[in-house]
Amino acid sequence: MGSLLYLTLTLFSLAFTATLSSQEQGINSARLLDLVLRDNMFRSYNTKKFKTAKLYPIHLPSNLWGIRVDSVRYRCGSLVRYGAKIKEFKLPIGASIQHCAERVVIVRQNLGSNWSSIYYNNYELSGYQLISPVLGLLAYNAGDDMVTSSTSFELGFQSDRIPITIDFSNTTRLVNSTSTTPGIIPLCASFERDGKVTLTKQMSRNVCATKRQGHFGLVIESPLIPLQNKRESNWKLAVGCSIGAALGAFLLGLLLIAIFAKVKKKARMEELVRRAYEEEALQVSMVGHVRAPTAAGTRTIPTIAHEYNPHNT
């Protein structure tokens, strides 16, 4: 259960981060992302002298953070005769490269957790969840002296007799954690150019096989909770709902009591004010055409003392 909880939280975190990253950059198409990475690769070739058959990392701008791209240039004949090992990809001997005149540039992509969601969002993967970064393998034609995006185009790379292999073992800790979790068997996902995704079994543990270039990843079926834990999960859900309902009823009762006390206090105050007015009612009399309250006289009426004679003193 602990490994499943860790896997669930990690997948949600990766999906949320990846969605924010791709939306911020305005790149929501897998094809557009390929073109952007291709142009950055060509700019690197024009600023440096790249040796044949040597793998070089491509420097990317900060807005493509999280993506790792490597490229290597081969002579077409040498690549067919000897094959190659490019990071996670192993190209077998005898693979064919269509329309390759003299040299070819092989580009390896690792889209990481920030950008792999583009493929998840653009392909029909309902019922499945990516558990690895999407890895890409593409081939472009290259001249002797200079490689430019305007003169280069993508080549078809295919191996029918011996497949191309992709090893996901060292791409992320998430893959390694699922490999030892009972009941979870990853499948290989191949993202085709026509918008379709092909799911196949692994060739071996965390290793997938393909006959052509493209983009690949590992997926597992959703939901992540195995069937044997469904009854336990339902029991926990029922207990949680009961506790939540009891807490809600308690809070509602407190709210009703507070409202009742406030209404009763207000009614009592109104009664006290009414009684005070009734006990101290004033007389009403007409002053002209207006009725106005008047108070009873309380002063002593003055009288003249006739017995007083100032001349007798």
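The values are calculated or read from the model by the stated rules, or taken from the named source; none is laboratory data. Computed from a predicted model, the values in this text were never measured in an experiment. No Cβ is skipped: glycine too gets one built from the backbone with ideal geometry, and neighbour counts run over all protein chains shown. Please note that ligands, DNA and RNA were not included when accessible areas were found on the heavy atoms of the full protein model with its side chains. Shrake-Rupley method; radii C 1.70, N 1.55, O 1.52, S 1.80 Å.
Taking amide hydrogens as placed 1.01 Å from N in the peptide plane, the amide H of I131 sits under 5 Å from those of L218, V219, I220, each at least 5 positions away in sequence or on another chain.
Protein-only accessible surface at a 1.4 angstrom probe places the residues S78, S242, S71 in the order S242, S78, S71, largest first. Hydrodynamic radius of segment 29-91 by the Kirkwood approach over all distinct alpha-carbon pairs: 13.1 Å. Measuring only protein heavy atoms, the 1.4 Å probe finds K87 accessible over about 100 Å². Solvent-accessible area of S222, all protein chains in place: 50 Å² (probe radius 1.4 Å, heavy atoms, ligands and nucleic acids excluded). Counted residue by residue at 0.36 nm each, then reduced by the alpha carbon distance between them, the extension gain from R193 to L252 reaches 15.6 nm.
Peptides 261-272, 101-112: what's the order by average Cβ count within 10 Å, highest mean first? It would help to have the intermediate numbers written out before the result.
On the way: 261-272: 9.7, 101-112: 20.0.
Ranked by mean Cβ neighbours within 10 Å, highest first: 101-112, 261-272.
Under 5 Å from the amide H of L155 lie the amide H atoms of A139, Y140, N141, each residue being 5 or more positions distant or on a separate chain, with H modelled from the backbone and absent for Pro and chain starts.
Solvent exposure of C241, expressed as accessible area, is near 80 Å², computed with a probe of 1.4 Å over the protein chains only.
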